[in-house]
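Student: Supplied in structure tokens, the structure appears directly below.
The values are calculated or read from the model by the stated rules, or taken from the named source; none is laboratory data. Just so you know, these numbers come straight off a predicted model, no measurement behind them. Virtual Cβ from ideal backbone geometry, glycine too; neighbours counted across all protein chains shown.
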Amino acid sequence: MSITKKRLAPIHSSRPLLFVLPAAILFLIFYMVPAFLTLRYSLTRWDGYSPDVEFVGLQNYQTLITADPVFTSTVSNSLRFMLVVVVFQTLFSLILGLMLVRNTKTGVALRTLYFFPTILSSISVGLIWLFMYDPFFGLINYIFREVGLTTFQPSWLGNEKIALYSLAATQVWFHTGQMMVVYVAGLQQIPQELYEAASVDGANAWRKFVSITWPLLLPTTILVMAYTTLQSFRAFELVWSMTQGGPGGSTEILPTLIYRTGMLNLNVGLATAQSVVFMLLIFSVFWIQRRAVKLTT
Amino acid sequence: MPRVVKALILTFVALLIAAPVYVVIVSTFKTNAELFENPSGLPASWSFANYSRLFVESNISQNFANSVIVTAVSVTAALILASLASFGITRLMRVSGLLLFGFFIVGLAIPAQVNIIPIFLFFKSLGLTNSLVGLIIINVVTTLPISVFILTTFFRQLPSDMFESAAMDGAGYLRQYFSIALPLSAPAMSATAIFLLVIVWNDLLYPLLLITEESKRTLPLALLAYQGEFFADYTMIFTGVLVASAPMVILYIALQRFFIAGLTSGAVKG
């Protein structure tokens, strides 16, 4: 029956192509062309305005790798920011997901509250936390004063040693709820019978976590970490709205450096070379993460 | 884990999320002096002075209107284009469908932040900077990959028998799209719509890149400017934050479950 039906259906028609074309053409022109231009401009020296574009081969890449301390420290900032956010956001979202996995009234209400920051814009979150971290007027130092820590009044965003981690804490505040929901979805798919069987065998809670929950959550964990990695590599808006890369370049991450180099310092060749390296960095981190998570089971 | 410990942790996290939000809301009714003296207290009198000042001293109504136009048009256009493309992809023969699908999905692997400089230069050469149209175009193309991904995954799950028997009854592709694919995909379309709505409404990067004229600013770009215009004037800044966030907050409260599902499906699939 189904075979005859398939024969009658017009399987060789290419008319559905017409449905794809509008999106495909728009995407090709406005997405793929700039992506291609990134590669091309990275081989040039150009200010983005003058008519003469000088082809310089791989010179920009050579500069970045061998003779650019700002780029090196920016890559290091990006990696540290990403690492801190991935570790804490994954850990916290897993713990909260485990606590709120059941669809009780309190569970749903708390999940809704924890998820809330996700719907705010980065600039709003940035402005809110600019106040929270304000050394004189901010809520955090106010709380420290109220509990008697009158001498512990750090300049959270003004101190080069801690500014990057203050931003990382804000990023974790911003997105942990979203990843918690992803974990809840993953946890709810684990069959309850497995836990019941383990109980019969006398397994304790930790044992159950190690031998059932963690291995079965592996795809979810890979997903959460990959998403968080990309999200923290792309934290341009949060950084730009809170510190603009300062103080002293201590919170400069790759997208803010690319913006600065290309848009403010008008060095298009170098900025696009930074972009290409950024891209390669994202791919290699993904690859390492996948291997690392799989090794834990 | 003992119940008490669990309750303590959950309460602490709840406070961690709610405290900054609470401070923002009450501060919009306070003076800066009140805020600095006691950030957590309620205002002495509930005054709307900050709101009236914001509407007089800034262009927030214009910014708000720009944001509404850009978001509404971008999300609608992205949904129409993505659903047409996804339908086409699933009705094409296997290989060509997969190839076209892959073409869009490349976009998920290349974060758009990588290409900001060429995007700016390219849009400038086409006269699309300082234009809401330019902003709409970039929003649409950068959200196409995730939308096509979600919707194609969904259309693939629909039994193809349905389309085949409709074709036997003489329904063309357009008819199949409008009377079968679209109605059945309402849940996937609304999840995608919510995901795009939040992304586009909150976007700061592309307005920062493409817009310099004050009259073309969207809300996030206006908020960024407040940092300088209302320097350390936190009650004014918070009033701006509240006005800019209000539409999403209201929608979130009204449609909690759909919001969480929509934003998660975007995350899971992106």
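Student: Which residue, of B:Ser52, B:Ser61, B:Ser45, is of a type in the set (Gly, Ala, Ser), without any contact (Cβ under 8 Å) to a residue 60 or more places away in the chain and more than 30 Å from B:Leu135 (Cα to Cα)?
Tutor: Working: B:Ser52 fails: more than 30 Å from B:Leu135 (Cα to Cα); B:Ser61 fails: more than 30 Å from B:Leu135 (Cα to Cα).
Selected residue: B:Ser45, the only one of B:Ser52, B:Ser61, B:Ser45 that is of a type in the set (Gly, Ala, Ser), without any contact (Cβ under 8 Å) to a residue 60 or more places away in the chain and more than 30 Å from B:Leu135 (Cα to Cα).
Student: Under 9 Å between Cβ atoms, which residue pairs at least 6 apart in sequence (or on different chains) link something in the range B:105-118 that is buried (at least 24 other Cβ atoms within 10 Å of the Cβ) with a partner that is not basic (Lys, Arg) and not in a helix (DSSP H, G or I)?
Tutor: B:Ile117/A:Gly48
Student: OK, next. Run down A:Ala226, A:Ala203 and say which single residue is at pLDDT below 90 and closer than 22 Å to A:Lys294 by Cα.
Tutor: Working: A:Ala203 fails: closer than 22 Å to A:Lys294 by Cα.
After ruling out the rest, the residue left standing is A:Ala226.
Student: What's the total number of residues in the range B:132-153 that are more than 20 Å from A:Val33 (Cα to Cα) and modelled with pLDDT of 95 or more?
Tutor: 1
Student: Please pick out the residue among A:Ser50, A:Ser13, A:Ser76, A:Ser42 that is more than 7 Å from every other protein chain (Cβ to nearest Cβ) and in contact with a Ser or Thr (Cβ under 7 Å, 6 or more places away or on another chain). Walk me through it before giving the result.
Tutor: On the way: A:Ser50 fails: in contact with a Ser or Thr (Cβ under 7 Å, 6 or more places away or on another chain); A:Ser13 fails: in contact with a Ser or Thr (Cβ under 7 Å, 6 or more places away or on another chain); A:Ser76 fails: in contact with a Ser or Thr (Cβ under 7 Å, 6 or more places away or on another chain).
Selected residue: A:Ser42, the only one of A:Ser50, A:Ser13, A:Ser76, A:Ser42 that is more than 7 Å from every other protein chain (Cβ to nearest Cβ) and in contact with a Ser or Thr (Cβ under 7 Å, 6 or more places away or on another chain).
Student: Could you list all residues from the range A:230-286 that are small (Gly, Ala, Ser), free of Cβ contacts under 8 Å to residues at least 40 places away in the same chain and closer than 15 Å to A:Ser73 by Cβ?
Tutor: Answer for the range A:230-286, where residues must be small (Gly, Ala, Ser), free of Cβ contacts under 8 Å to residues at least 40 places away in the same chain and closer than 15 Å to A:Ser73 by Cβ: just A:Gly245.
Student: Of the residues that sit in the range A:100-144 and are of a type in the set (S, T, N, Q) and not in a helix (DSSP H, G or I), which one is nearest to the other protein chains (Cβ to nearest Cβ)? Lay out the reasoning, then the answer.
Tutor: Filtering the range A:100-144 for residues of a type in the set (S, T, N, Q) gives A:103-104, A:106, A:112, A:118, A:121-122, A:124, A:141.
With not in a helix (DSSP H, G or I) added as a condition, the list becomes A:103-104, A:121.
Working: A:Asn103: 11, A:Thr104: 12, A:Ser121: 3 Å.
Applying the filter and picking the extreme gives A:Ser121.
Student: Here are some conditions: (1) closer than 20 Å to B:Lys216 by Cα; (2) away from chain A (no Cβ under 12 Å). B:Ser67 meets all but one. Which one does it not meet?
Tutor: Every listed condition holds for B:Ser67 apart from (2).
Student: If you don't mind, there's one more thing I want to ask. From B:Ser83, B:Ser67, grab the single residue that is in contact with a helix residue (DSSP H, G or I) (Cβ under 6 Å, 6 or more places away or on another chain), under 26 Å from B:Val241 (Cβ atoms) and in contact (Cβ under 8 Å) with a residue 24 or more places away in the chain.
Tutor: Only one candidate passes the filter, namely B:Ser67.
Student: Let me ask another. Quick one: A:Glu193 ticks every box in (1) among the charged types (D, E, K, R); (2) loosely packed, with under 14 Cβ neighbours inside 10 Å; (3) assigned to a loop (DSSP other than H, G, I, E, B) bar one, so which box is it?
Tutor: Only one criterion is unmet by A:Glu193, namely (3).
Student: Quick one: would you say A:Tyr183 is farther than 28 Å from A:Leu83 by Cβ and either within 12 Å of chain B (Cβ to nearest Cβ) or without any contact (Cβ under 8 Å) to a residue 24 or more places away in the chain (or both)?
Tutor: Working: farther than 28 Å from A:Leu83 by Cβ: no; either within 12 Å of chain B (Cβ to nearest Cβ) or without any contact (Cβ under 8 Å) to a residue 24 or more places away in the chain (or both): yes.
Criteria not met by A:Tyr183.
Student: To continue, here is another question. Being of a type in the set (S, T, N, Q) and either within 7 Å of another protein chain (Cβ to nearest Cβ) or not in a helix (DSSP H, G or I) (or both) is the filter here, so list the residues in the range B:19-37 that pass it.
Tutor: In the first step, residues of the range B:19-37 are kept if they are of a type in the set (S, T, N, Q); the result is B:27-28, B:31-32.
Hits for the range B:19-37 are B:Thr28, B:Thr31.
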